[in-house]
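*Asks:* Handing you a structure now.
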Amino acid sequence: RRAAEAIAAIARDALRRAGDRARSGAPVAEHEVRAWILDAFARAGLETVDPPIVAVGENAADPHYEPSPDRPRLIREGEIVLVDLWAREPGAVYADQTWMASVGPPTARASEVWSAVRDARDAAIAMVRDGATSGRALRGGDVDDAARGVIAARGLGDFFIHRTGHSIDPRDLHGSGPHIDNLETREERLLVPGVAFSIEPGVYVAGEIGMRSEVNVFLEPERAVITPTEYQRDLLVV
């Protein structure tokens, strides 16, 4: 929980700084924002296994994009920026989040895609919360279906090209427990108290736009704990 709140603040700060630089006439590159985030992790006493993803515009349509100083991409006004970051206190459990921002007011298309992704995330969260409080048995595949159905209903189903979420356990960021998946495999393992996982639906239109929204869930008896406490409701305008 502490790591989740820390990385949420770091992500928001990095996006705001990128927006400030874009408006100042001295835009920053994706890999420079990545360096800001890694420096902030070090100051906060957090560790990570791999550097974060910072992707702007069409680059965000690659879910596993890696920024590089060898091909610097500046973040400019009018663009959408994705930041996916993960970190933990030494020896503890990872927090893993994705945040989205628009540098200046978003376009109608960006708002449309964001709304689909956010609503898909919230449908999955609602199912998990209901299952935890009611005692109804849920499988990872069920939750994937809830998120995927929202995006498909908005006409964007062909662009949701990965599972809705992955297991998180004390050993690994991508853990060995049940995944939120009915795409790569049908996850039939039950979501029971003691397991944790991400919820991170996304839409990726090659050459145009990519968006993802990611939170984490830890299941306690009769309760689903969602982190960070204040997760993203609207596109950040920076």
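*Asks:* Which of the residues belonging to the range 140-155 are closer than 16 Å to Trp114 by Cα and open to solvent by 10 Å² or more (accessible area, probe 1.4 Å)?
*Replies:* The answer is Arg148, Gly149, Val150, Ala152, Ala153, Arg154, Gly155.
*Asks:* Would a scan of the range 197-210 turn up a residue that is out of contact with any Gly (no Cβ under 8 Å at 6 or more places or on another chain) and free of Cβ contacts under 8 Å to residues at least 24 places away in the same chain?
*Replies:* Looking through the range 197-210, none of the residues is out of contact with any Gly (no Cβ under 8 Å at 6 or more places or on another chain) and free of Cβ contacts under 8 Å to residues at least 24 places away in the same chain.
*Asks:* Output the qualifying pairs, or none if there are none: Cβ atoms under 8 angstrom, residues six or more apart or on different chains, first residue in the range 72-97 and among the small types (Gly, Ala, Ser), second residue at pLDDT below 95 and part of a loop (DSSP other than H, G, I, E, B).
*Replies:* Pairs found: Ala92/Pro170.
*Asks:* Taking Tyr204 as the residue in question, decide whether it is over 21 Å from Asp130 (Cβ atoms), surrounded by 13 or more Cβ atoms within 10 Å (Cβ to Cβ) and of a type in the set (Ser, Thr, Tyr).
*Replies:* Working: over 21 Å from Asp130 (Cβ atoms): yes; surrounded by 13 or more Cβ atoms within 10 Å (Cβ to Cβ): yes; of a type in the set (Ser, Thr, Tyr): yes.
Answer is yes for this residue.
*Asks:* Hey, among the residues in the range 156-201 that are aromatic (Phe, Trp, Tyr) and open to solvent by less than 10 Å² (accessible area, probe 1.4 Å), which one's farthest from Asp119 (Cα to Cα)? I'd like the intermediate steps shown before the answer.
*Replies:* Just the residues of the range 156-201 that are aromatic (Phe, Trp, Tyr), to begin with: 159-160, 197.
Then drop every residue that is not open to solvent by less than 10 Å² (accessible area, probe 1.4 Å), which leaves 160, 197.
Working: Phe160: 14, Phe197: 18 Å.
Selected residue: Phe197.
Here's the yes/no breakdown for (1) open to solvent by 20 Å² or more (accessible area, probe 1.4 Å); (2) at pLDDT 95 or above; (3) not acidic (Asp, Glu):
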{"site": "Gly19", "(1), (2), (3)": "no, yes, yes"}
{"site": "Glu66", "(1), (2), (3)": "yes, yes, no"}
{"site": "Ser102", "(1), (2), (3)": "no, yes, yes"}
{"site": "Pro105", "(1), (2), (3)": "yes, yes, yes"}
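*Asks:* Scan the range 175-209 for residues that are polar (S, T, N, Q) and within 16 Å of Asp96 (Cβ to Cβ) and report the count.
*Replies:* 2
*Asks:* Here's another thing I want to ask about it. Please enumerate the residues belonging to the range 110-141 that are of a type in the set (D, E, K, R) and in contact (Cβ under 8 Å) with a residue 40 or more places away in the chain. First the steps, then the outcome.
*Replies:* Narrowing the range 110-141 to residues of a type in the set (D, E, K, R): 112, 118-119, 121-122, 129-130, 136, 139.
Residues satisfying the conditions are Glu112, Arg118, Arg121, Arg129, Arg139.
*Asks:* Let me ask something else. Would you check if there is a residue in the range 29-50 being of a type outside the set (Gly, Ala, Ser), in a loop (DSSP other than H, G, I, E, B) and open to solvent by 50 Å² or more (accessible area, probe 1.4 Å)?
*Replies:* Checking the range 29-50: at least one residue is of a type outside the set (Gly, Ala, Ser), in a loop (DSSP other than H, G, I, E, B) and open to solvent by 50 Å² or more (accessible area, probe 1.4 Å).
The values are calculated or read from the model by the stated rules, or taken from the named source; none is laboratory data. From a predicted model like this one, the values you see are computed outputs, not experimental measurements. A quick note on method: Cβ atoms are made from the backbone with ideal geometry, for glycine too, and the neighbour counts reach across all protein chains shown. Areas reflect the complete protein model, heavy atoms only, side chains present, ligands, DNA and RNA absent. Shrake-Rupley method; radii C 1.70, N 1.55, O 1.52, S 1.80 Å.
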